[in-house]
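Beneath this line is the structure, given in structure tokens, with notes to follow.
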Amino acid sequence: MPHKPSPQDRGRTLASGRRTDRTELTASHARSAPGSAARITRREAIERVSLLLGGAALVGQSALLAGCASPAGPRAAELSAGNGARELFTAEDVALLDEVADTILPDTATPGAKAAGVGPFIAVMVTDAYDPGEQRVFMAGLRTLDAQCRKMHGTSFMAATPAQRLALLERLDAEQVEQSRARAADEPPHYFRMIKELALLGYFTSEIGYTQAMRYLEAPGRFDPCVPYAPGDKAWAPHA
């Protein structure tokens with residue numbers, strides 16, 4: 001009898017855009033825990049998430065790569081305290097982002113996106129790395145996502161069942177793929193692509209993604225040019 005995919009299986013497929021195990025998705029991105037000795041570079045993290053999404057540049061990528069050139073003065077202090085994200089996103093918005101990200105990357109053998117704090121991560125990245133036009137597209141898209149859920153299922157995304165949430169996001173994902181293929185250079189990206197990009201980046205650069213979804217050794221003791229690897233094994237998280 002054919003295996004019927006579970007919601008978790010379908011969530012992993014939604015995350016990758018193909019049928020695969022979550023551990024294959026990652027190349028290795030590390031927003032490591034404070035005090036961690038090894039951190040992957042921001043550039044490598046962005047490049048690898050871009051590959052997961054078909055090789056296209058991430059929205060706001062130039063700002064992400066230029067992250068060291070942060071604003072000076074009172075605005076810099078405000079952003080470092082997280083006030084910018086609080087101005088743009090309400091607590092309800094962040095909770096919605098957590099649930100959307102957790103539908104894309106649900107709990108399986110390892111914790112999902114919500115446990116990794118992906119919702120707050122997305123809010124900070126949109127605030128700090130997106131330009132005003134991209135922010136408007138993202139925020140309008142967040143409202144559209146909830147409106148589409150009400151239209152499709154008669155309920156808000158927060159009140160929807162896991163199966164209802166997944167059905168909606170699968171439809172939006174197919175929609176963004178088609179839009180991305182035909183999108184003109186001056187046309188804004190689909191809002192769900194923005195959400196998906198940041199969900200992947202946030203998860204696979206988190207401590208949970210780096211040390212539990214992947215295999216991680218903080219201080220490898222020797223060079224092993226060839227190690228056993230079987231299909232389904234977790235990917236190794238490399239060092240910067």
Worksheet item: In segment 125-146, what residues are more than 26 Å from residue 159 (Cβ to Cβ) and part of a helix (DSSP H, G or I)?
Response: 125, 127, 128, 129, 132, 133, 134, 135, 136
Worksheet item: If you take the residues in segment 99-124 that are surrounded by fewer than 22 Cβ atoms within 10 Å (Cβ to Cβ) and in a helix (DSSP H, G or I), which one is modelled with the highest pLDDT?
Response: 99
Response to the item:
With criteria (1) closer than 18 Å to residue 189 by Cα; (2) in contact with a Pro (Cβ under 9 Å, 6 or more places away or on another chain), residue 113 comes up short on (1)
Discussion item. Among the numbered criteria (1) surrounded by 14 or more Cβ atoms within 10 Å (Cβ to Cβ); (2) within 19 Å of residue 122 (Cβ to Cβ), which one does residue 143 miss?
Written reply: (1)
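Can you give me the number of residues within segment 209-231 that are surrounded by fewer than 19 Cβ atoms within 10 Å (Cβ to Cβ), at pLDDT 85 or above and closer than 14 Å to residue 110 by Cβ?
Counting residues in segment 209-231 that are surrounded by fewer than 19 Cβ atoms within 10 Å (Cβ to Cβ), at pLDDT 85 or above and closer than 14 Å to residue 110 by Cβ gives 2.
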Worksheet entry | Lone qualifier among 176, 164, 212 - being farther than 18 Å from residue 102 by Cα and under 22 Å from the mean Cα position of the chain (by Cα) | 176
Worksheet item: Does residue 184 meet the test of being buried (at least 18 other Cβ atoms within 10 Å of the Cβ), outside any helix (DSSP H, G or I) and not aromatic (Phe, Trp, Tyr)?
Response: no
Discussion item. Among the residues of segment 195-204, are any crowded, with 21+ Cβ neighbours inside 10 Å and more than 15 Å from the chain's Cα centre (by Cα)?
Written reply: no
Item to complete: Collect the residues in segment 184-195 that are farther than 15 Å from residue 138 by Cα and either in contact with a Pro (Cβ under 7 Å, 6 or more places away or on another chain) or touching a residue at least 40 places away in the same chain (Cβ under 8 Å) (or both), keeping them in residue-number order.
Response: none
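The values are calculated or read from the model by the stated rules, or taken from the named source; none is laboratory data. The structure displayed is predicted, hence computed values, not measured ones. Reconstructed Cβ throughout: ideal geometry from the backbone, glycine too, with neighbour counts over all protein chains shown.
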